[in-house]
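Here's the structure, in structure tokens; my notes come after.
Nothing in this text is a laboratory measurement; each read-out follows from the coordinates by a stated rule. On a predicted model such as this, the values are computed, not experimentally measured, just so you know. Methodologically, a virtual Cβ is constructed for each residue, glycine included, from the backbone with ideal geometry; neighbour enumeration extends over all protein chains shown.
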């Protein structure tokens, strides 16, 4: 039986360098989700380093995996060259708007405060309206309806669920989680608006949603301060 080969120094160095870059992209809040576009060369390096990966703690795997996946997607997108069109910009933004929907749905399920549950439900409805509006524009650009969420958001919600199972939920913690999620949304809106591809009524719509997201962020912070 063939013995598994150890990763070559070159591949190990490439993996280390890539993971480091991916972590930087993750910290900067950059976006990108088409995981099927991960380069074959990257998958090969990943297979070769699986033994080392298995030695990591669960936390290291989760954090490192999230960084690698997000970073890999960004690399795949950047390697295509050229500036993303309006369709690509809307598509990316929708991942974060869909994250917003799921985040507030989670808050509705976990909160025991009647008033806060009502507020979170309003934000679910608002986020769904945002997504419907963006998907309508995306359809006009010839794109397919986008209902997926970000890898980063999935990992974060899974982590929050695990944390809640161990420590329980309280209203302040739920508000803190929502504030963090709203910060992601704000960054996504800012990135979309900084992209020159959005013009006309489409840009105006995104700008209005951005303003609402900022308003929600400040409302959440105020509510948390009162807890």
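Placing a label point 7 Å from the Cα of residue 215 along the Cα-to-Cβ line, no residue of the range 90-114 has its backbone N under 15 Å from it.
With each label modelled as a point 7 angstrom along the Cα→C-beta vector, the residue 145-residue 193 pair spans 2.8 nm. Residues of the range 112-136 with an amide N closer than 16 Å to a point placed 7 Å from the Cα of residue 222 along the Cα-to-Cβ direction: 116, 119-120, 123.
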